[in-house]
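What follows is a short report on a single structure.
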Ligand code: SAH
């Protein structure tokens, strides 16, 4: 369909009925078969929309007037929900969010994976789906002489000041507010993107949900932090349970948050947290799941699907800092984990030591290179776990799995579309998908995490 043929035109108004939600949480309505995507609209709703962009085959609209709200619509509790963009589904009841995510997983598995018969369980949600994030990374700027710290307004680099983020642990809000006030008191100039001047770029807060430990990271453009001693003293005095204060220096013109250099200003280099009975040491730069409560739920499912009795050899491709590997090691003979980021493997080894877990081997490299080598060395996996990034498994890793035939595969996925694609490849290679359990790791956002149980036929 060309632009000329589109039945809608930019800046025109249309009365529409929404029929669906996209995977990123936009409402879908069709005008003469032409799909319009509209923020904050829900299936079943009738509304007036203004077309703001027309592309080949689809367009974007803005919700102007709601004639008939959905019974699942709720008032978003966050006062900055409309401007922020960090959450996409606060206007939908939590029940409704879980239903929408279940429907999305089912549809994608059927459409992309051609897996109509597979059991998809209802999404496991949180009892209290607020205040779950354990990490905040907040840009700092200036307005009318005062410091602001919050988020970038959508499609801009204007920083909107924020007192509270309702999906953040309260401790992280306290860090952001307190550091902002202290930096203001000592006249620390915020970083200015346009001129590449100023000092304080980001405030990063990390929180150990199970331990209550707090880490404060000050990301600065300059090596020198003016009034360092006073600032550190004030943070220690004003922020409860702070265990670690760290400075990271990022002198580059970039929107990447962290620079290469990290220095401990006070306390420990790490905070610790626990998932189940496994402890993790978390440094300023370590990757760590942002919702440990639901991570436990997800990994318990992965463990159940792995059906371990204690005598198995397990491979964990894409192992990160070894979270899944260590979780499974308690129930397996040996776990081999592979991960492409060297620092993550350092963390994984340290975490194994911290927990006294010895039946694990971690190796740096691409899963698609290392796993075939392990097989050549004679290592046979009874169960292979994959937890790839959004783009899914590398095609050659799937080929390796199909050639090496581990009897069980557990697939942890943060993207149902690539999960469906990869499950189809495994099905065609002799595997059967038994069941899929979605878990809500990120309430109020459009993301959904899944774990799939897969057997060799
Ligand atoms: N299972 C871990 C991390 C999963 S995130 C946890 O739950 O904490 C996916 C991981 O895959 C990331 O750590 C990323 O660095 C890694 N990765 C990406 N491509 C890879 C590849 N080709 N081989 C191995 N690891 C890879």
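The values are calculated or read from the model by the stated rules, or taken from the named source; none is laboratory data. Worth saying up front: this structure is predicted, and the values here are computed from it rather than measured. Counting neighbours? That spans all protein chains shown, and the Cβs are built from the backbone with ideal geometry, glycine included.
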Seminar exercise, completed: Residues in region 348-378 that are part of a loop (DSSP other than H, G, I, E, B), buried (at least 16 other Cβ atoms within 10 Å of the Cβ) and either under 21 Å from the mean Cα position of the chain (by Cα) or within 9 Å of the ligand (Cβ to nearest atom) (or both) total 0
Seminar exercise, completed: Scanning region 126-161 residue by residue, those in a loop (DSSP other than H, G, I, E, B) and crowded, with 22+ Cβ neighbours inside 10 Å turn out to be 132, 134
Exercise. Which residue pairs have Cβ atoms closer than 9 Å, lie 6 or more positions apart in sequence or on different chains, and pair a first residue in region 335-356 that is over 24 Å from residue 310 (Cα atoms) with a second residue that is within 10 Å of the ligand (Cβ to nearest atom) and part of a helix (DSSP H, G or I)?
Worked result: 340/367
For this session: Six or more apart or on different chains, Cβ under 8 Å: which pairs go from a residue in region 310-328 that's outside the structural domain of residue 354 (by TED's automatic domain parsing) to one that's part of a loop (DSSP other than H, G, I, E, B) and near the ligand (Cβ under 9 Å from one of its atoms)? Could you list them?
Result: none
Problem set entry | Members of region 401-414 found to be away from the ligand (no atom under 15 Å from the Cβ), out of contact with any helix residue (DSSP H, G or I) (no Cβ under 7 Å at 6 or more places or on another chain) and not in a helix (DSSP H, G or I), listed by number | 405, 406, 407
For this session: With respect to residue 344, determine if the residue is within 13 Å of the ligand (Cβ to nearest atom), farther than 22 Å from residue 119 by Cα and touching a strand residue (DSSP E or B) at 6+ places or on another chain (Cβ under 9 Å).
Result: yes
Exercise. What residue, of 381, 417, is under 23 Å from the mean Cα position of the chain (by Cα), more than 12 Å from the ligand (Cβ to nearest atom) and in the same structural domain as residue 323 (by TED's automatic domain parsing)?
Worked result: 417
Exercise. From 425, 401, which residue is surrounded by 20 or more Cβ atoms within 10 Å (Cβ to Cβ), more than 30 Å from residue 82 (Cβ to Cβ), assigned by TED's automatic domain parsing to the domain that holds residue 344 and without any contact (Cβ under 8 Å) to a residue 60 or more places away in the chain?
Worked result: 401
